[in-house]
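What follows is a short report on a single structure.
The values are calculated or read from the model by the stated rules, or taken from the named source; none is laboratory data. Everything quoted here is computed from the prediction, not taken from an experiment. Cβ placement follows ideal geometry from the backbone for every residue including glycine, while neighbour counts extend to all protein chains displayed.
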C-alpha cells in the first residue's frame, strides 16, 4: 500500500510541477513588459493581433496569435542568445572559409527564413549558404503561375512580375562554393524557365553584379539584407523590364550609428566585429502619405513615417518602414493614377519608396503576415502591376511557395 502511495505522490508532484510551469509561463507572458524590437534578431516583434471578421474566417487571427506568443515568450532573447552561442561552437574550417551549421532559426518568426541555413564566414563577411532542390523551385514556380492565372481572370489588364533577389552569397562566396545546387543564379534561371508567359521575370542579378563590380556597398557584411545601393539596383532592374524610367539618384545620407546584423547575432563570431555595418538611405521621391494596416481587408489604419529613426535600437535596417508590416499603402506626388502592388519579403522594405517615382499608389503586402486573395485585391484597387519579390533563399525550401500558394483561388 505504501509503495502505491509513493507512486501516486510522485505522479501528483510531477503533474503539479508541470501545471505550475505552465501557469507561471502564462503569468509572465502577460505580466512582463513587452519588447517592440528583438535585438537578437534585428527585427520588429509581432503585435497583439486584432480579431476581425476577415482574419477570423481566413485564419489570419490564429496565425497572428501564434506569432505573438512565439515573439513574446518569457526570456525569449536570452534563450536565443544561448542557442546562438551553442550553435556557433560547431564549425568546419578550411583555408579562409568557416562554415557554421545553423540551428538557431526561430519558428513562427515574422522574418521568414532569416538565418535558417548554414552560415559561411569569408573575408570578414557572413553569408547564408544557398542550397536548393528541384521540388522547391518547381513549387515556387507553380505558385507564381497560379497567382498570375487567377489575376488574369479577374483583372486581365494587370501585369505580373517576378523578382528573386540573389543574396551576398552569389557575389562574395568563393567560386568553388557556388556550383551546382549552391548556385543562386542557376536556381533563378531554372525558376524563370518554369514560369508561364504571363509572369515577367526581372533580372536583378545583372544590375546587382554591376554595382558589386564597382566595389559599392551593396550588401551588409553581418546581416542577410541588401543595402540601399542594392535596393536601388533592384529597382532599376524592375523599371527596365516594366518599361519605366528609373528615378535618378538624389544622393544618399547615412543613418547615425553602426550595427551588427542578423547573421552576426546568429553565429557570434568575433571576426565579424572588425568592420561594423551602417545604413545609408537614398533620398526618395516625395511621399504624400503612408498608412499601415493589420490585414488585407484594410478595416483599420494607422499613419506612420516610412523612414524610421532607429536611434536607441541595435537594428538599423528598421530604418526602412520600421520593419515588416502586413500591409502598407504609400502615395506620392506623381499623380499619374497608376498603382503597384508589391508582394514581398523584407528585402522590399529598402526598395519600396523608389516606386513612387513611377506610381501614384504603392501597396506593400507581406503574405507571411496576412492572408489575401491577390486577384480580388487587384480588381478592387485597380492595380496596374504586381511585383512578386523574394530573396533567393525561398528557392531552398518550400515555405514561401506554400504561403504564396494560398494567395489565389480558382
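In segment 130-168, of all residues being without any contact (Cβ under 8 Å) to a residue 60 or more places away in the chain and assigned to a helix (DSSP H, G or I), the one that is surrounded by the fewest Cβ atoms within 10 Å (Cβ to Cβ) corresponds to 134. Just one of the listed residues (394, 386) is touching a helix residue (DSSP H, G or I) at 6+ places or on another chain (Cβ under 8 Å), touching a residue at least 60 places away in the same chain (Cβ under 8 Å) and within 24 Å of residue 219 (Cβ to Cβ), and it is 394. Look at residue 229 and say whether it is in contact (Cβ under 8 Å) with a residue 40 or more places away in the chain and in contact with a helix residue (DSSP H, G or I) (Cβ under 7 Å, 6 or more places away or on another chain). Against the criterion (in contact (Cβ under 8 Å) with a residue 40 or more places away in the chain and in contact with a helix residue (DSSP H, G or I) (Cβ under 7 Å, 6 or more places away or on another chain)), residue 229 qualifies.
Per the conditions (1) touching a strand residue (DSSP E or B) at 6+ places or on another chain (Cβ under 7 Å); (2) modelled with pLDDT of 95 or more, the sole criterion not satisfied by residue 263 is (2).
Counting only residues that are out of contact with any helix residue (DSSP H, G or I) (no Cβ under 8 Å at 6 or more places or on another chain) and over 23 Å from residue 318 (Cα atoms), segment 245-273 holds 3 of them.
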